[in-house]
Amino acid sequence: MVAFSEVAELVAWFLLAFMFASLVEYWMHRLMHQYPKLCQFHAEHHRRNEAQGVLGEFIDYLKGGLILMVPLFLYSRGVGLIWFCGTFCYGIFAAFAHQLQHENPTRCFWMKMPVHYVHHRYHQWHHNFGLGLDLWDRVFRTYQPVEWFAEAGANRGSDRPWFRVRWQ
Ligand SMILES: [Zn+2]
Ligand SMILES: [Zn+2]
């Protein structure tokens with residue numbers, strides 16, 4: 001039988017991996033804005049202002065983040081697996097959060113302000129870099145609150161449930 005302390009340790013590793021992935025995502029996005037020449041496709045993403053579907057977004061994150069998902073296997077197989085799961089789950093969550101904020105931002109119920117929607121809508125080159133969470137914007141002082149809800153377009157699709165987004 002698995003001891004409670006072992007389960008608690010695995011849960012802690014999972015949460016650590018999840019938060020670490022969100023931190024990496026924050027800094028990758030921030031660097032894309034700091035060095036736009038290195039990342040033309042992000043400027044193009046801002047020009048088009050649309051997401052490619054949850055699956056397509058997730059595959060992109062996976063390609064970029066795979067190198068961060070596997071090194072804990074060198075430490076132990078159990079921890080490596082949980083770390084992989086934590087980062088993998090953040091990838092799915094971030095891909096969904098991204099799609100939702102492009103399609104139906106008022107349904108982004110877990111954030112007071114859908115940071116990524118605001119980041120696009122107000123052409124913010126220096127603020128609100130989070131996708132799934134606004135935590136790191138608050139920690140690194142790039143969080144910029146905006147009266148976004150009353151803006152034209154913010155209510156677009158708000159009668160649709162949160163899971164009705166383009167999945168692929
Ligand atoms: Zn951006
Ligand atoms: Zn976007």
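The values are calculated or read from the model by the stated rules, or taken from the named source; none is laboratory data. No experiment lies behind these values; they were computed from the predicted model shown. Neighbour counts are summed over all protein chains in view; Cβ atoms, including those assigned to glycine, are modelled from backbone coordinates with ideal geometry.
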Taking segment 92-130 and keeping residues part of a helix (DSSP H, G or I) and more than 20 Å from ARG47 (Cα to Cα) leaves ILE92, PHE93, ALA94, PHE96, THR106, ARG107
Check whether at least one residue in segment 78-86 is touching a residue at least 12 places away in the same chain (Cβ under 8 Å) and part of a loop (DSSP other than H, G, I, E, B), and report yes or no. no
When you check ALA43 against the structure, is it in a loop (DSSP other than H, G, I, E, B) and at pLDDT below 95, yes or no? no
Options TRP136, TRP148; residue that is of a type in the set (Phe, Trp, Tyr) and assigned to a loop (DSSP other than H, G, I, E, B): TRP148
May I ask you to say which residue of TRP125, TRP110, TRP136 is in contact (Cβ under 8 Å) with a residue 40 or more places away in the chain, of a type outside the set (A, V, I, L, M) and more than 12 Å from ligand 1 (Cβ to nearest atom)? TRP136
Of LEU62, LEU38, which residue is surrounded by fewer than 16 Cβ atoms within 10 Å (Cβ to Cβ), at pLDDT below 95 and either under 18 Å from the mean Cα position of the chain (by Cα) or of a type in the set (Lys, Arg) (or both)? LEU62
Criterion (without any contact (Cβ under 8 Å) to a residue 40 or more places away in the chain, within 16 Å of ligand 2 (Cβ to nearest atom), among the small types (Gly, Ala, Ser) and surrounded by 19 or more Cβ atoms within 10 Å (Cβ to Cβ)) met by exactly one of ALA97, ALA51, ALA43: ALA97
